[in-house]
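Worksheet: one structure, shown below.
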Amino acid sequence: MKLPSTPQAWAIHLSRLVKIFHDAHGLDPFPIKVAPLAMEYSRHVFPDAPITLVDGIDLSSRFDGMLMPSPRGDGEWGIVYNKAIRSPGRINFTLAHELGHYLLHRHISPAGIQCSNRAMLDWRSELGAIEAQANTFASFLLMPLDDFRCQIRGEDISLDLMRHLSDRYEVSITAAILKWLGITERRAMLVIGSNGFIDWARSSNRLMKSGVFYRARQQTIPLPEQSLAARQGSVVGAFAEADHPRGVWLGDEDVREMTIFSHSNEMTISLLLYSNDAPDKRWANELDEPEEWDTYDQFVAGNHGSSR
Ligand SMILES: [Zn+2]
């Protein structure tokens, strides 16, 4: 059998196997459980290089996960996550990311791969193509497009919907929003705030094309004063929504902001919805158009702690 070669093809291949297995047993395939999938699949398909360890271990706080060869030199592999991580969604995504490295990169990295926490969701090109490939694999494995589209069809875009997706696929809410941003025709942006500053941000393609995005490696940018995200002392875990007039957020137009105040690091996750048509042609300057999704780096470089 010819094996896949791209991250998407690997993810589709594995999620189809999971679906066939679960259909045959009358089970719901979601959330996809990475640990048994990784061990069973590798044992059958790569018997000389099986994954025999899937676990949380002590890692430096800078790292979320690792693909590691067995120290015994017997060809076996482990995929591990930092056991300090508590969120089941982050654990599941990390394991899927490491499984992606195993399938795609173990031959070029026989000593294994350590993955920083920023590598896991910041899909910046400068972090290296292999990190972006592992993230693409994880996203397509855990959130297959056909099912994802079914879940959002006809639904209003809300944090409740994103929470539903995060629960269904056992991924972080950030990962669910990134997936949606990658396929939506809407003009929308995800902004991760940390300690009063914009940690990083991502615009949907359509919003980017209308010129509304934060550039990478820009200077440190505070969260807009009037934004929900900048509110001090908000209840952790709470959702809040507001319709802002032009001038609050980036772009000269009204913006609907939906923000979650997260448990870790005073972090905020804001989903910004813009109207579907840019208000002014000034914002649709073709010359200023950034690169498309796979290679763009529309991030703010400031590092104010964890990226989630
Ligand atoms: Zn990695």
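In terms of the mean number of neighbouring beta-carbon atoms within 10 Å, the peptides 266-277, 73-84 order highest first as 266-277, 73-84. Peptides 198-211, 141-154 ranked from most to least packed give 198-211, 141-154, packing being the mean of other C-beta atoms within 10 angstrom over each peptide's residues. Annotation: lysines with alpha-carbon distance below 22 angstrom to Lys2 (same-chain offsets under eight excluded): Lys19.
Enter the accessible area per residue of the stretch 1-53 (Å², integer; probe 1.4 Å; all protein chains in place).
62
Note on the stretch 7-142: with neighbouring protein chains present and a 1.4 Å probe, carbon and sulfur make up 59 percent of its accessible heavy-atom surface.
Accessible area per residue for the stretch 75-230, computed on protein heavy atoms with a 1.4 Å probe, is 36 Å². Expressed as a whole percent, the accessible area of the stretch 166-262 that falls on carbon and sulfur atoms is 44 (1.4 Å probe).
Out of the stretch 40-78, which trypsin sites (Lys or Arg not before Pro) are coil in DSSP terms and have no more than 15 other C-beta atoms within 10 Å?
Hits after loop and neighbour filter: Arg62, Arg72.
Less than 5 angstrom separates the built amide H of Phe197 from those of Leu223, all sequence-distant by 5 or more or on a different chain.
If R0 is 41 Å, the Cβ-Cβ spacing of Glu266 and Lys2 corresponds to a FRET efficiency of close to 0.25.
The values are calculated or read from the model by the stated rules, or taken from the named source; none is laboratory data. Being a predicted model, the structure only gives us computed values, none of them experimental. Positions of Cβ are backbone-derived with ideal geometry, glycine not excepted, and every protein chain shown enters the neighbour counts. Surface areas here come from the heavy atoms of the whole protein model, side chains and all, with no ligands, DNA or RNA. Shrake-Rupley method; radii C 1.70, N 1.55, O 1.52, S 1.80 Å.
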